[in-house]
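What follows is one structure encoded as structure tokens, with my remarks underneath.
Every number here is computed from the coordinates shown, using simple stated rules; none is lab data. Treat the numbers as computed from the prediction; the structure is a model and nothing was measured. All Cβ positions, even for glycine, are placed from backbone atoms using ideal geometry, and neighbour counts span all protein chains on display.
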Amino acid sequence: MMKSTKDLLEFLDLSHLSPDEELAIRQVLQRDDNLRKRETGRIRRLQISIPDPKKLKVMTGKWFEELRTHRYGQQSDVTEVLRSSMRRKKTTAFRISPFSDVGQTENKEGEKENKDPQTKTSEM
């Protein structure tokens, strides 16, 4: 059973990537996007110039897409999963865990105090 895109995103952890690796992946995704746009233009031109639906199906590769869908079902686009995961990595990279003691110190009585100068109160 194929998991949904949302389920896949939960398991795709990109936190271990170095900035160079992330840049390389972004470049590959950009090349993929450019190729997809060119392919879409090619298919559009073929649809205009070829009136025979059977020949058009062969020349555009639609037969392959149908075969793949029939054999494997409707699967998520891997590039979209990767793009979403990279966006998610950016938004979660700078979040601080609510259970960490970052930004807090303990005073002599054992109470936690914020290091933030705007917050002057002690927490219990």
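A few notes on this one:
- Potential lengthening between Glu22 and Gln74 on full extension [0.36 nm per residue; Cα-Cα distance subtracted]: 15.9 nm
- The calculated FRET efficiency for Leu35 paired with Leu14, based on their beta-carbon distance and R0 = 25 Å, is about 0.65.
- Nearest-20 debye value, the stretch 5-93 charge dipole, Cβ charges on Lys, Arg, Asp, Glu: 600
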